[in-house]
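What follows is a set of notes on a single structure, which appears directly below.
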Amino acid sequence: MTKIDPQPGIMEISPYVGGKSSIEGMSNIVKLSSNENPFGPADSVKEAIARAAHDVHRYPSVDHAELRAAIAEIHGVQADRIICGVGSDEVLHMLAQAYAGPGEEIIYTEHGFSMYKIIAHAVGATPVVAPEQERVVDVDAVLEACTDRTRVVFLTNPGNPTSTMIGLSEVERLAEGIPEQAILVLDGAYAEYVEGYDGGAKLVEMRENVVMTRTFSKLYGLGGMRVGWGYGPHEIIDVLNRIRQPFNLSTVALAAAETAVRDTAYTEYCRSENARLRVWLAEALGEHGVPCDTSMANFVLARFSCQDEAEACDTYLQKQGIIVRRVAGYGLPNALRITVGDESSCRRVAHSIGLFKAGER
């Protein structure tokens, strides 16, 4: 009898678990577990979605030309170096699929995005973890982890769930130091939250071994639409387009993303509100004896004395109708990741953590 087996590595995958979104028996929920934009998409985007609904019986464009042109115009990049995907996750998957496989290695850092390990196993490659230093990427450790089998190095900058980031000079040093057969992938899911940061776009244009990915799921409030993009050398983008599904983005998603990237006034509002409330939340938690590293994203990593205290606080918050994210699976058992919500949500979670620390259980 023939036994049908999956490809090597598939059964090593533990399915990704998203942030919790509901609490049984509660309706007035504050969800701060998935790093979503608390303000949602712009009104202009909602209008674009409604208009696009009239054309859902038509196939979407194959080349995403209009969206790529809008991204290029707003971000000051070259449209023919852009590839669009179902979230930036699809672009990450395509990079691994195209450039790594059995007997080869994919490197990511100690507290890096959990999808990297899944992606490595999905293509049969070996995931390799480089240690961080106090929740910050250690470039020397990443370079030390490289071998002649290294094909892809994933770097989340700013990091998730750490919220920390390394400077451009360190990223350049990493790009210069990895083996010649490897690609450095700069995962910029939170790049828009860093004032004046291009996510590594200029570095992409300077080198042949760097690819940047970005998403519409965070600042633009389109997590439910699943749109992302990558920016890289022409040769790499050409390879990815050969394996990309031709109709991977829907008509509605394309219309929403193009409008979102062009509505710069709204994105600036969301960025400035996040920056203001991010500082306020971190300071409020610090006053309650819960430190956070300086965040460069749209969340803070609240650190407790031990895992038991972090889990007890999470349980207490859920009783108050507040959902945050445990991150023990990221090697941070004594921490909780808390999305920066709107002002009322930030005040509510800070107040509740204050009560917890004061002994109300």
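The calculated FRET efficiency for Glu343 paired with Gln245, based on their beta-carbon distance and R0 = 35 Å, is about 0.30. Within a straight-line Cα-Cα reach of under 29 Å, Lys3 can be paired with the following lysines, leaving aside sequence neighbours fewer than 8 residues apart in one chain: Lys117.
DSSP bridge analysis restricted to the chain gives an antiparallel fraction near 50%, rounded to the nearest 5. Footprinting exposure proxy ranking of Arg214, Arg58, Arg135, Arg173, fewest other C-beta atoms within 10 angstrom first, gives Arg58, Arg173, Arg135, Arg214. Full extension of the chain between Glu12 and Asp308 yields a length gain of 103.7 nm, computed as 0.36 nm times the residue separation minus the alpha carbon distance.
Scanning residues 5 or more positions from Val327 or on other chains, those with amide H under 5 Å from its amide H are Ala335, Arg337, with H placed 1.01 Å from N in the peptide plane. Of the residues Val349, Met206, Val129, the one whose Cα sits farthest toward the positive end of the charge dipole of the chain, with +1 on the Cβ of Lys and Arg and -1 on the Cβ of Asp and Glu, is Val349. Spatially, the range 244-274 and the range 124-175 are offset by 28 Å when compared through their Cα centroids.
At 0.36 nm per residue, and after removing the present C-alpha to C-alpha distance, how many nm does the segment from Ala53 to Ala69 gain when stretched out fully?
Result: 3.6 nm gained on full extension.
The range 85-121 and the range 286-340 have Cα centres spaced 27 Å apart. By the beta-carbon count within 10 Å of each Cβ, the least crowded to most crowded order of Lys117, Lys20, fewest first, is Lys20, Lys117.
Each value in this text was obtained by applying a stated rule to the coordinates, not by laboratory testing. Because the structure is predicted, anything quoted here is derived from the model rather than measured. No Cβ is skipped: glycine too gets one built from the backbone with ideal geometry, and neighbour counts run over all protein chains shown.
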